[in-house]
1. What length, rounded to one decimal in nm, is gained on full extension from T363 through to S57, with 0.36 nm per residue of separation minus their alpha-carbon distance?
2. What Kirkwood hydrodynamic radius do you get for the stretch 11-55 when you take the inverse of the mean 1/r over all pairs of distinct Cα atoms, in Å?
3. What FRET efficiency comes out for the pair D40/F320, r = Cβ-Cβ distance, R0 = 30 Å, nearest 0.05?
4. Based on the Cα coordinates of the chain, what is the per residue volume of their convex hull in Å³?
5. Could you let me know the centre-to-centre spacing of the stretch 199-278 and the stretch 390-435, using Cα atoms, in angstrom?
6. Kindly identify the stretch 184-290 as rounded, prolate or oblate by the Cα gyration tensor criterion: order the square roots of the eigenvalues as a ≥ b ≥ c, call it rounded if a/c is under 1.5, otherwise compare a/b with b/c, prolate if a/b is larger, else oblate.
7. Considering only the other residues whose Cβ falls under 13 Å of the Cβ of S126, what net charge follows from Lys and Arg at +1 and Asp and Glu at -1?
8. Counting Lys and Arg as +1 and Asp and Glu as -1, what is the net charge of the other residues whose Cβ lies under 11 Å from the Cβ of V306?
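What follows draws every value from the coordinates through simple rules; no lab data is involved. Everything quoted here is computed from the prediction, not taken from an experiment. Every residue, glycine among them, receives a Cβ derived from its backbone with ideal geometry; neighbour counts consider all protein chains shown.
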Amino acid sequence: MLHSRPDKDQLDSVYKIPVFNNDPLDSTLPKFRLCNNSIDPELAYRLIKDDLLDEGSARLNLATFCQTYMEPAGLRIMSETLEKNAIDKSEYPQTTDLENRCVNIIANLWNAPENMEFMGTSTVGSSEACMLGGLAMKFTWREKAKKLGIDILSRKPNLVISSGYQVCWEKFCVYWDIEMRCVPLDKDHMSLNMDTVMNYVDEDTIGIIAIMGITYTGKYDDVKKLDELVEQYNQTAAISVPIHVDAASGGMFAPFILPALEWDFRLKNVISINTSGHKYGLVYPGVGWVIWKDKRFLPSELIFSVSYLGGDLPTMAINFSRSSSQIIGQYFNFLSYGYRGYREIHERTRSVAKYIATELEQTDLFEILNDGDNIPIVCWKMKTTIDKPWSLYDLADRLRTNGWQVPAYPLPDNLSDVVIQRVVVRQDLSMQLATLFIKDISESIHALNHAHIIIYGHSDENKGALGFTH
Ligand SMILES: Cc1ncc(COP(=O)(O)O)c(C=O)c1O
């Protein structure tokens, strides 16, 4: 990822001496070239630990949806299985079985119909899972178009999604040459606009993406309403349009907290769903899942086979080798928490989000855009009636002094004049810690109110510098 070749005289291109205490390092070590000799592994450990020391505590990083805590026993089983390659199905048949159990558990959570044959796989995260869901829709569209005699080479397929999409969908469209048709969010529609979405659909639409937990605000798209609209459209359409649900965060939350909410395979036109096991599936990064409601929605071109116990096992993931430990961590959580455990953790997490939202509202400074009701994230903006010499960017900066990372960023196109701040509540943000956060935010507000503010950094080009992508 990184580019520059540092100047060899540049001061920080080597480890300095002394290292720490009486560590025996008697010459500098290069950082950007391999050193000639070996060093003691413990010393290497210490050097790297120090390298990482000032980048903050992951638990105070309220920007990320990704898990920053797992039970010690979960961590143990994961670290004891790091060496197993998830693709070696034949060599590790039991590990393969655990993955299969996870796919079954998730399909069941998403109400896969009894009379269909679901298929699914683990992935590195939702990005890979979305890529697969999108590809399946593209291939299916191509087949349907060919059958109708459409010259597919003269057409550019499109994908319909709200402008609150996560960047993986933009990547999907760029990588696979698809036009991304964005339905803008606006002040009255902070999730997919049901009044206009079908205007974006035509013969070249490979599918519509519904998002269960918009990354910006945490809102759920109204998938049930979308299904009704799509059903109506499909009655007369030459090429029917499917729905893929990007449930990166909601997919492991809604089934426990809002089991009656219909957003999943209960809906006729929802053909595939992805989620991130490392978000509300409560596993350390990176594991994701994608499931197709029935094998007919997964075109055979996307299925490859690997050898498994002398036979063949279908695989459809994009990645090949990776450790099995995240998959095993997912199974560990399913086994140890069970349905009730997940529900209780998520309920507690949600009550922390509600507490934070209530406290912020009471400052009278902020309008709460999401109070933890959908997924447990709290999202707010400055009230338009409030005139302060400081902004949410300044508040984010000030909170950093206590170690909290709470991004402020503009909403997407059409609403980009609205700057919001967001806290993602995870299971390890206890009520105790949340109380401390509220104390720190109150003190930060007090300090900003009484500070001589010199406008120094939060010009347009810096906006969103402390942003988020996940
Ligand atoms: C709605 C949505 N989709 C996809 C992703 C990508 O997920 P991952 O980080 O698991 O690849 C995210 C990440 O935040 C997301 O919020």
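1. 107.5 nm
2. It is 11.2 Å.
3. Calculated value: 0.30.
4. For the chain, the hull spanned by Cα atoms encloses 197 Å³ per residue.
5. Centre-to-centre (Cα) distance: 28 Å.
6. Prolate.
7. 0
8. Net charge in that neighbourhood comes out at -2.
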